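Since every read-out is calculated from the coordinates, none of them should be taken as a lab result. Source: prediction; values computed, not measured. Using ideal geometry, Cβ is built from the backbone for each residue, glycine included, and neighbour counts are taken over all protein chains shown.
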Ligand SMILES: NC(=O)c1ccc[n+]([C@@H]2O[C@H](COP(=O)([O-])OP(=O)(O)OC[C@H]3O[C@@H](n4cnc5c(N)ncnc54)[C@H](OP(=O)(O)O)[C@@H]3O)[C@@H](O)[C@H]2O)c1
């Protein structure tokens with residue numbers, strides 16, 4: 001019988017992260033779910049004091065909190081660490097507060113950097129995998145999401161360099177628009193999200209990508225095309241975005 005794997009997921013209290021947690025729980029893996037909400041507010045048997053680590057990833061002490069939790073649970077090795085937590089802001093930078101900019105960079109970039117650094121020894125013990133959940137927005141201009149897109153581009157750069165440094169096995173996964181609470185939380189009209197695929201569907205595809213060997217995986221062929229065009233046909237894409 002295969003032994004249980006230890007799977008750490010950040011941002012596991014909602015959307016794609018929660019859907020991923022459910023998939024890995026169904027596979028019988030040992031979960032470490034990181035989120036900012038209190039355990040009592042979650043009110044779901046998925047989250048227990050042994051599986052849920054409360055850490056606000058916008059705060060400097062987030063890595064310590066995660067490591068203290070791992071220590072308390074006597075976990076010294078991790079097979080899969082999915083850095084999924086994310087936040088954003090909808091609107092122009094001119095309208096955005098300095099605090100919001102700081103928060104997005106803290107959660108989307110600084111926390112994955114800090115956690116990657118702290119988790120390397122845990123991942124090395126199992127020859128495990130670090131997964132960075134990016135976004136196709138990193139590849140093309142995204143007016144009204146500029147800071148979010150910039151944070152995802154930086155995350156992509158982090159992953160590419162980690163891969164070349166070669167200390168751990170790393171994978172970058174770029175989902176496209178997904179129907180989650182993210183849009184409502186960042187102030188976007190969530191009516192527009194009705195046509196997006198569900199978090200469960202996207203999480204299923206993410207787990208398939210994780211089981212696969214691609215270093216950079218984009219979820220869905222349309223998104224793969226959009227990412228390709230954004231990367232390699234910059235002039236055309238910029239002009240198209242300007243006129244829409
Ligand atoms: N939805 C999309 O269209 C889309 C497209 C491409 C990429 N993505 C990426 O997919 C990932 C998951 O997003 P999602 O759509 O599932 O959004 P979501 O439903 O809002 O889930 C985001 C998760 O991150 C957590 N989080 C946010 N700020 C945090 C903080 N300061 N400390 C700890 N946890 C925090 C949230 O906690 P709370 O439950 O407390 O809010 C939640 O668990 C993100 O990296 C996002 O950028 C999403």
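Some points to look at:
- Residues 178, 48, arranged from fewest to most other Cβ atoms within 10 angstrom of their Cβ, appear as 48, 178.
- Each residue in 23, 173 was given a count of other beta-carbon atoms within 10 angstrom of its own, and listing them fewest first yields 23, 173.
- The chain, relative contact order [Cα under 8 Å, separation at least 6], %: 19 percent
- Potential lengthening of the chain between residue 3 and residue 94 amounts to 27.6 nm, from the contour at 0.36 nm per residue minus the alpha-carbon distance.
- For region 6-243: rounded, prolate or oblate by the Cα gyration tensor [a/c cutoff 1.5]: prolate
- Bridges between two residues of the chain, per DSSP, are antiparallel at a rate of about 0%.
- Subtracting the Cα-Cα distance of residue 25 and residue 211 from their residue separation scaled by 0.36 nm leaves 65.4 nm.
- Counting neighbouring Cβ atoms within 10 Å and putting the fewest first, the residues 174, 117, 183 line up as 117, 183, 174.
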